[in-house]
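The structure appears right after this line, and notes come after that.
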Amino acid sequence: MSPRREQPAVTAAERQAADASALASRFRAQRDRLAAALAKSVEGVVVADRDGIEVFRNEVAEVFRNARHSGAVVERTIGSMLEGAVAGEESEQDLQLFGPPRSRLRLRAVPLIVDGERTGAAVYVHDISEVHRVDNVRRDFVANVSHELKTPIGALELLAETLVAEDDPEVARPLIERLAKEAERLGRIVDDLLDLSLIETQETVPTELLSVDALVDEAVDRLRPSAMVSGIGLQVHHASSSGRVESDRRQIVSAIVNLLDNAVKYSEPGSVVVVETEQTDDDAVIVVSDHGIGVPSRDLERIFERFYRVDQARSRDTGGTGLGLAIVRHVAQVHGGDVSVESVEGEGSTFRLRLPLAPELSLPSEPQDVT
């Protein structure tokens, strides 16, 4: 057979080889893209072949391999669920890990089926800690709102019924005073709830360039009469250089007032609450210190939650709504800052409200005479 007659066959074979090579290249590219996508997934992903041999694990799931303590529990669960999925069993399981840090994971195992045939299995590990926390906060919030509103409403109802049946003015006077106090308390709860809701849902905050010292002075002036009635002194110390912040005046003043109000409520008569302003390279810091009852270490992480009170009886006696520090935290977050606390039970507390400084506007240069 002449070489000329063999040429078409050779060309066809080369063409088939080229097509096969191109197909293999496309397959490898698809595989690599899929592996890259799974590697960057926020979920942990572990994949096994039809024999149960692990063939892929992304970075999130890699932390459980050879882990100790709670991580080892997750790894064992992945292995057992993967084994079941290889056999065709789909399953889901939640794990609560006590840490540190505490977390909750949801594991889901599924068989991988292609053209009706099981080709392997996968386990997905999803961290639902934040979802679980938000659900708990929502449930607690609804329960707490119901409880907090029910208490003054019940008191108002009882006092009103008593007043209807009372003809003696001397007996009625203290009942009326208590009625007014409970109505005021109910109004404060509603106002704080509305403020908190507005801060949380506001997409944009109307801001202006304001002096930190001026904001502090306005808040102190607003609370000074209440502090005097409680026998608490207020001292203000400003930093040598006053910074300015881009902020909503009403919100920032409200946050400082809440910090001061909290300090006054939990201080003993005759003591002093100190307000200081500090300035770093990037932030203005408003520091409120008291020498009151302090906060137990076990409560430090929770005092910024809605309706959470360190001393329930004292807060109710002073008319506290339990929302003040939650408002402070949200105001700080909305303005790109934060709030923190240091406290020793029986000695007092120090709160730091940190707000980013506004960039200083450069002044126009003086015109120069040119001769």
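Taken together, the values in this text are just the output of simple stated rules run on the coordinates, not laboratory data. Since the structure is predicted, the reported quantities are computational estimates derived from the model, not experimental observations. Heads up, the Cβs are rebuilt from the backbone with ideal geometry, glycines too, and the neighbour counts pull from every protein chain shown.
Bridging of Lys150 to aspartates and glutamates at a Cα separation below 13 Å is possible for Glu182, once same-chain residues fewer than 8 apart are set aside. Along each principal axis, taking the top coordinate minus the bottom one, the Cα set of segment 41-127 gives 44, 21, 20 Å in descending order.
Working note: Karplus 6.51/-1.76/1.60 with θ = phi - 60° gives segment 163-172 the couplings 5, 4, 8, 10, 9, 7, x, 5, 7, 6 Hz, where Gly and Pro are set to x. Between amide H atoms placed 1.01 Å from N, distances below 5 Å from Leu357 occur with Asp283, Ala284, all of them 5 or more places distant or on a separate chain.
Among the chymotrypsin sites (Phe, Trp or Tyr not before Pro) found in segment 52-110, those both in a DSSP coil and sparsely packed, with 11 or fewer other Cβ atoms within 10 Å of their Cβ, are Phe98.
Ordered by the number of other Cβ atoms lying within 10 Å of each residue's own Cβ, fewest first, Thr207, Thr280 fall into the sequence Thr280, Thr207. Distances between placed amide hydrogens fall under 5 Å for Gly243 paired with Val212, Asp213, all partners being 5 or more residues away or on another chain.
Remark: Ile128, Ile293 ranked as Ile128, Ile293, counting other beta-carbon atoms within 10 Å and listing the fewest first.
Sequentially through segment 58-67, phi angles give Karplus couplings (6.51, -1.76, 1.60; θ = phi - 60°) of 7, 4, 4, 7, 4, 5, 8, 5, 6, 7 Hz, Gly and Pro residues having no value and appearing as x. When each of Thr119, Thr77 is scored by the number of other beta-carbon atoms lying within 10 Å, the sequence from fewest to most is Thr119, Thr77. A crude spin-label estimate for the pair Arg249 and Val42, with each label 7 Å from Cα along the Cβ direction, gives 3.9 nm.
Remark on Ser271: its backbone amide H falls under 5 Å from those of Gly233, a criterion applied only to residues 5 or more positions apart or on other chains, H modelled at 1.01 Å from N. Using θ = phi - 60° in the Karplus curve 6.51 cos²θ - 1.76 cosθ + 1.60, the 3J(HN,Hα) couplings for segment 105-120 round to 10, 10, 9, 10, 10, 9, x, 9, 10, 10, 6, x, 10, 5, 10, x Hz; x is entered for Gly and Pro.
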